[in-house]
1. Can Q91 be described as surrounded by fewer than 17 Cβ atoms within 10 Å (Cβ to Cβ), out of contact with any helix residue (DSSP H, G or I) (no Cβ under 6 Å at 6 or more places or on another chain) and modelled with pLDDT of 85 or more?
2. If I326 meets every condition in (1) surrounded by fewer than 17 Cβ atoms within 10 Å (Cβ to Cβ); (2) more than 30 Å from E344 (Cα to Cα); (3) aliphatic (A, V, I, L, M) apart from one, which number is that one?
3. Being without any contact (Cβ under 8 Å) to a residue 40 or more places away in the chain and farther than 13 Å from M131 by Cα is the filter here; which residues of the range 77-98 pass it?
4. So F15 clears everything in (1) more than 30 Å from R126 (Cα to Cα); (2) modelled with pLDDT of 55 or more except one condition, right? Which one?
5. Would you pick out the residues in the range 354-413 that are within 38 Å of the chain's Cα centre (by Cα) and over 30 Å from P250 (Cβ atoms)?
Amino acid sequence: MRVRQRVRPLAAFAFASLVGLLGLALCALSKAEEPRTELPPPSQPPALTLSAAVQWALEHNPALATFRRNRGIADAAVLIARQYPFNPIVQDFVWYGNGPADAGVTNHVFNEHTARLDLELNHQGRYRRAMAQSALTRTEWEIAAQELLTSIQVTRAFNTLLYREGKYRVLEEGAEFTEQVADLTKQLVDQGTLRSADLLLARADVTESRNSLGPGRSLVIVAQNDLRRALGMISESFELEGTLEKGFVPPSANFLVQAGLERRPDLHALEFAVREADNRLRLEVANRWGNPSLGPAFEYNETSVFFVGSWLIWSPPILNQRRGEIRQREAERARAMQALQQGEIQVRQDVFAALARLTQAEEVVNNFRTQTLPSLRKAREEFDKLYQAGQPGVDLARVIDIRRRLLRARDAYLDVLFELSQAQTDLSAAVADLSFAGCRAASPTSTGEQAPAQSAAPAEPAGEQLPAPAPIPDK
């Protein structure tokens, strides 16, 4: 009997285990039939064009956002100017009076009530509102000038990063070339064609080229951080999409000067500063006569006598005619007018200076594109043919030297391209048109009084894309 009691629990446990295993198998089969969801690929850094970078900075730059808050202050000043007339002044005197009967006190509550309001006799309110409105418009143009300045800073930082990345790629190609020369030198040393000293010198060149990669990479990181600071980014990753090989034919100098005089927001800000100073002078002259305070008055004295009349308080300009204050406002208006003339002269100076720099940079770039680089590539091809043909005097050292010359020419070509981009950015800042930095000439009809236009996507490069140095041919 005891044996049978022990067998029954074991059989129940086995049956339960079998049912559990069958359930696990069914779950596994159901999961196997479900389609597998593949993991998304790792996100790539977004491509950042010049126009996208400018747009991002206009929306996210913290310094620009802070500067835009000035408009709220100027707008509140307009509201103050509209509500400037003083509130009415109400005075109430209530006294208790008591005395002997022969004093004639019949009213024990003496009270006096007056109400006055300051008046403007010489249109001070009109001048005050005009001055506040001029200040608001000046602030808006100053914000536009700050936006243009931020866009120019982003453009310069963008081109600087392109330049540093290009320089670093040239350094990498130079390091790869020196390693190729070192491998070839080792083969020739093993064959007995060259001496071991040549191999030591080749390895020294490899070490030197590798050491130059560190400082070059540091300059790239500095340029990236400068661009992030101009964009308002912190640690976001991005990949630049653009090139330094840009070119366009700028309009005439007279057209550019006229465009700068019509489009420069800082110049418009100076114009409204003159209007603001003029209205401030008019307000000071009008305030010389003061604001008389006039209003009704009522009095009920202790003898029960009523008095009804008016109050007038006024400070006529007899002893002090505010000549000093008026002279200060006249000097401020003269200074504002002089600043406007200075701004117009500066626009002309900026245009001619940018054109001179642009002309020189384009001349050097065209020289590289049409003469220096084609001649070096042609010389490299000729040296390769002569070296393969076994021409006397054409040894391996000359073949290597012509390639090094081409690498140095490419490095110098990046320098002149960067100078050209800076000249184009100077011209964009001079005429307040970012299309020059984007390599699209401005239309003659787009010189109206408008806010600075945002830059478009860079045009197709007009120069020649430089290939990497060809490998050393086998003899």
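The values are calculated or read from the model by the stated rules, or taken from the named source; none is laboratory data. A quick note: this is a predicted structure, and the numbers were derived from the prediction, not measured. Reconstructed Cβ throughout: ideal geometry from the backbone, glycine too, with neighbour counts over all protein chains shown.
1. yes
2. Unmet for I326, out of (1) surrounded by fewer than 17 Cβ atoms within 10 Å (Cβ to Cβ); (2) more than 30 Å from E344 (Cα to Cα); (3) aliphatic (A, V, I, L, M): (2).
3. If the condition is that a residue be without any contact (Cβ under 8 Å) to a residue 40 or more places away in the chain and farther than 13 Å from M131 by Cα, then Q83, N87, V90, Q91, D92, F93, V94, W95, Y96, N98 are the ones that fit.
4. (2)
5. L406, L407, R408 - these are the residues of the range 354-413 that are within 38 Å of the chain's Cα centre (by Cα) and over 30 Å from P250 (Cβ atoms).
A quick yes/no check of all residues on (1) at pLDDT below 90; (2) assigned to a loop (DSSP other than H, G, I, E, B); (3) of a type outside the set (G, A, S):
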position	(1), (2), (3)
I221	no, no, yes
R229	no, no, yes
G242	yes, yes, no
F248	yes, yes, yes
D266	no, no, yes
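Conditions (1) in contact with a Lys or Arg (Cβ under 9 Å, 6 or more places away or on another chain); (2) at pLDDT 95 or above; (3) basic (K, R), marked per residue:
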site	(1), (2), (3)
I313	yes, no, no
Q321	yes, no, no
Q349	no, yes, no
A361	no, no, no
V364	no, no, no
Q371	no, no, no
S375	no, no, no
R398	no, no, yes
R404	no, no, yes
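Results for (1) surrounded by 15 or more Cβ atoms within 10 Å (Cβ to Cβ); (2) modelled with pLDDT of 95 or more; (3) closer than 21 Å to E140 by Cα; (4) under 19 Å from the mean Cα position of the chain (by Cα), shown as yes or no for each residue.
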| site | (1), (2), (3), (4) |
| --- | --- |
| S421 | yes, no, no, yes |
| Q424 | yes, no, no, yes |
| G438 | yes, no, no, yes |
| T445 | no, no, no, no |
| P452 | yes, no, yes, yes |
| A457 | no, no, no, yes |
